[in-house]
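J.: Questions regarding the structure given below will be posed in turn.
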Amino acid sequence: MLFEIDRKTDQLKRCLSDWRPKELEVEKYLVTLTDDDVRVLSSDVFGEELLLISNQVRTRRNKRADILALDRNGNGVIVELKRDEGRLGVETQALQYLSDFSRFQGRDFIEHFSRKHPKLGDEIAGFLGDASEEDINRNSRVILIARSFDESLFSLGEWLSDKGVSFKCISYSPVEIKGRRFLSFAVAFDHSTTAVYQLRFAASAREPGYFWHNIAEPDQNWWEFLVSNSQIPACFNNSPDDQGAKLMSGYVSGDKIVAYARGYGAVGWGVIERPNSYKIIAVGSKDDALNGNCRHRIKIKWKATVPKLVDGIGAERVRTGFGIHHPIRTSVSIDPKKAEQLMSELTKTFAGH
């Protein structure tokens, strides 16, 4: 919600707008593309990374669900949008969709939704990392988006969460100022079960693991900078409360990182030895090699790196030779045995570079 300061009274005055976007218009703004042209939902709005499976998807009763997505743990997520107020009844609609889609699990889920999207299986594998295919859509969630909410919905949300169905409400406010349009989003209600959140973000609660990490810019000078300065980056909004901060703060001592460059594949690997080295570098500092972009940084001890990005082990070879799909997100877990094989290949060819 946006307020204007009334200079005469020094009071807040809510900014009201004649702009009232329709559901499909808001839905369009929620979807973004990764560097690999994979459709995901904006983590700035949802506070987490969600892979878009389908939008305006038909149910077996020939109704249309606004958005079906997967979260990082493979949970199915039904997202329903309302132009105005979310009232009792909208959650029933969402639960009907949830019930309809919950019959597709594991491999059945991939095969069903791949009919119109043949690359979906690879996208899901690259998004979930080493999570078991059989866990896909074993649990489901509901997210409602509306201008405002009848608070009776929240009581129902509490009941649903007690039954194991995570329930979240996100409010949005459209504002038009001098021809410029703005949308603000805020979480109005969130009763998510603990299964929604990855264990890796509780650093003291897990053992070291293996992860893909996308270096963001597939540029030779950038790669040489990261190697010479013993760093890996993350981008997002470069703020202390965005997904980049959560990701970098989630690494623990001993995590093994395989660096991925879009278009070149696996280009090196190293170990996080000092998780407390994470920081957001200052704009204009000596480490600001991308002019204000990708300023989340953490130190890494490189074990093997390619001298030139073109020398990397390409994504197709990584998939067919090691059974590892290229990452859709900035950081994706990798099966330990497969990761060790890939790192061994990088070490054999590029150790010492």
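The values are calculated or read from the model by the stated rules, or taken from the named source; none is laboratory data. Small disclaimer: the values here were computed from a predicted structure and weren't measured. Neighbour counts are summed over all protein chains in view; Cβ atoms, including those assigned to glycine, are modelled from backbone coordinates with ideal geometry.
J.: What strands (runs of 3 or more DSSP E) lie completely within the stretch 75-183 and have 1 or more residues being among the hydroxyl-bearing types (Ser, Thr, Tyr)?
T.: Values: elements: 76-81, 140-146, 166-177.
In the stretch 75-183, the matching strands (runs of 3 or more DSSP E) lie at 140-146, 166-177.
J.: Would the stretch 239-252 turn up any residue that is under 28 Å from residue 349 (Cα atoms), under 22 Å from the mean Cα position of the chain (by Cα) and assigned to a loop (DSSP other than H, G, I, E, B)?
T.: Yes, there is a match, as at least one residue in the stretch 239-252 is under 28 Å from residue 349 (Cα atoms), under 22 Å from the mean Cα position of the chain (by Cα) and assigned to a loop (DSSP other than H, G, I, E, B).
J.: Has the stretch 256-267 got any residue that is more than 24 Å from the chain's Cα centre (by Cα) and not small (Gly, Ala, Ser)?
T.: So far as the stretch 256-267 goes, no, none of its residues is more than 24 Å from the chain's Cα centre (by Cα) and not small (Gly, Ala, Ser).
J.: Would you check if there is a residue in the stretch 241-253 being among the basic types (Lys, Arg), under 14 Å from residue 275 (Cβ atoms), touching a Leu at 6+ places or on another chain (Cβ under 6 Å) and touching a residue at least 40 places away in the same chain (Cβ under 8 Å)?
T.: no
J.: Anything in the stretch 15-39 that is closer than 16 Å to residue 114 by Cα and in contact (Cβ under 8 Å) with a residue 24 or more places away in the chain? List them, or say none.
T.: Selection gives 38 alone.
J.: Next question. Does residue 280 fit the bill of being over 24 Å from residue 348 (Cβ atoms), at pLDDT 95 or above and either crowded, with 24+ Cβ neighbours inside 10 Å or in contact with a Lys or Arg (Cβ under 8 Å, 6 or more places away or on another chain) (or both)?
T.: Judged against the criteria, residue 280 is a match.
J.: Within the stretch 282-292, is there a residue that is over 25 Å from residue 314 (Cα atoms), without any contact (Cβ under 8 Å) to a residue 12 or more places away in the chain and either basic (Lys, Arg) or not in a loop (DSSP other than H, G, I, E, B) (or both)?
T.: Within the stretch 282-292, one or more residues are over 25 Å from residue 314 (Cα atoms), without any contact (Cβ under 8 Å) to a residue 12 or more places away in the chain and either basic (Lys, Arg) or not in a loop (DSSP other than H, G, I, E, B) (or both).
J.: Same structure, new question: Given the residues 264, 260, which is the only one that is touching a strand residue (DSSP E or B) at 6+ places or on another chain (Cβ under 6 Å), of a type in the set (Phe, Trp, Tyr), under 24 Å from residue 37 (Cα atoms) and not assigned by TED's automatic domain parsing to the domain that holds residue 41?
T.: 260 is the lone residue from the list that is touching a strand residue (DSSP E or B) at 6+ places or on another chain (Cβ under 6 Å), of a type in the set (Phe, Trp, Tyr), under 24 Å from residue 37 (Cα atoms) and not assigned by TED's automatic domain parsing to the domain that holds residue 41.
J.: Could you grab me the full set of residues in the stretch 27-53 that are modelled with pLDDT under 90 and more than 16 Å from the chain's Cα centre (by Cα)?
T.: none
J.: Report the residue count in the stretch 136-161 for those that are touching a Gly at 6+ places or on another chain (Cβ under 9 Å) and closer than 14 Å to residue 77 by Cα.
T.: Count: 9.
J.: Kindly establish whether residue 70 is under 21 Å from residue 190 (Cβ atoms) and either in contact with a helix residue (DSSP H, G or I) (Cβ under 8 Å, 6 or more places away or on another chain) or surrounded by fewer than 22 Cβ atoms within 10 Å (Cβ to Cβ) (or both).
T.: yes
J.: Is it the case, given these coordinates, that residue 186 is within 19 Å of the chain's Cα centre (by Cα), assigned to a strand (DSSP E or B), modelled with pLDDT of 80 or more and closer than 30 Å to residue 297 by Cβ?
T.: yes
J.: To continue, here is another question. Determine which single condition residue 337 fails, assuming it passes every other condition in (1) loosely packed, with under 14 Cβ neighbours inside 10 Å; (2) within 24 Å of the chain's Cα centre (by Cα); (3) under 19 Å from residue 131 (Cβ atoms).
T.: Unmet condition: (2).
J.: Being at pLDDT below 95 and either buried (at least 20 other Cβ atoms within 10 Å of the Cβ) or closer than 23 Å to residue 229 by Cα (or both) is true for just one of 259, 266, 245. Which residue is that? Steps first, please.
T.: Working: 259 fails: at pLDDT below 95; 266 fails: at pLDDT below 95.
Matching residue, one of 259, 266, 245: 245.
J.: Across the stretch 310-334, which residue is surrounded by the most Cβ atoms within 10 Å (Cβ to Cβ) among those that are touching a residue at least 60 places away in the same chain (Cβ under 8 Å) and of a type in the set (Ser, Thr, Tyr)?
T.: Only one residue fits best here, namely 330.
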